[in-house]
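Chemist: Quick one: the structure is below, and I'll ask about it shortly.
The values are calculated or read from the model by the stated rules, or taken from the named source; none is laboratory data. Model, not experiment: these values are computed from the prediction. Neighbour counts are summed over all protein chains in view; Cβ atoms, including those assigned to glycine, are modelled from backbone coordinates with ideal geometry.
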C-alpha cells in the first residue's frame, strides 16, 4: 500500500479489495493528526464497497479523538448499510476499547485477512 496522505505523525494508506476497503493508519492518532484518517474513512464509507476494515496494527497511540473518530465512522458505516471492522488492534488499542467499554460495538478481527474473509453480519 502506498501512503495516501500524511500528517505530522500519522500516515494513512488505503487499498480496495473485492470485499471492501482497507484503511491503514500508521503512527500517532490524536487531535492534531486525525484529519487524513477522517478523510480516508469518509471516502471509504462514501464508496459503499460492503465493508470498511481499519487495520490498527500500525497505530502507536490513539487518544479520545481517535476513539471518537472510530465511533462516528461506525455509525456512518451502519447508516450506509456497511460493516466497519477493526483488524489487529494490538495491546494499546485493545486496552483503550476495554477501558472505555466500547469493545462490544465493534467487529474486531486478529488480522485484515480474517476481517475480509468474515461472513457478512
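Chemist: Picking from 81, 48, 66, 101, which residue would you name as being free of Cβ contacts under 8 Å to residues at least 40 places away in the same chain and over 21 Å from residue 14 (Cβ atoms)? Outline the logic, then answer.
Modeler: Details: 81 fails: over 21 Å from residue 14 (Cβ atoms); 48 fails: over 21 Å from residue 14 (Cβ atoms); 66 fails: over 21 Å from residue 14 (Cβ atoms).
After applying the criteria, what remains is 101.
Chemist: While we're looking at this one, here's another question. Looking at the stretch 95-116, which of its residues are within 14 Å of residue 55 (Cα to Cα) and either at pLDDT below 95 or outside any helix (DSSP H, G or I) (or both)? Steps first, answer last, please.
Modeler: Taking the stretch 95-116 as the starting set, the residues that turn out to be within 14 Å of residue 55 (Cα to Cα) are 106-116.
Across the stretch 95-116, the qualifying residues are 106, 107, 108, 109, 110, 111.
Chemist: Applying the selection to the stretch 66-88, what residues are assigned to a helix (DSSP H, G or I) and buried (at least 16 other Cβ atoms within 10 Å of the Cβ)?
Modeler: Of the residues in the stretch 66-88, the ones assigned to a helix (DSSP H, G or I) are 66-79.
Across the stretch 66-88, the qualifying residues are 66, 67, 69, 70, 73, 74, 76, 77.
Chemist: Check off (1) buried (at least 17 other Cβ atoms within 10 Å of the Cβ); (2) under 21 Å from residue 18 (Cα atoms) for residue 97 and give me the number that stays unchecked.
Modeler: Here residue 97 meets the rest and fails (2).
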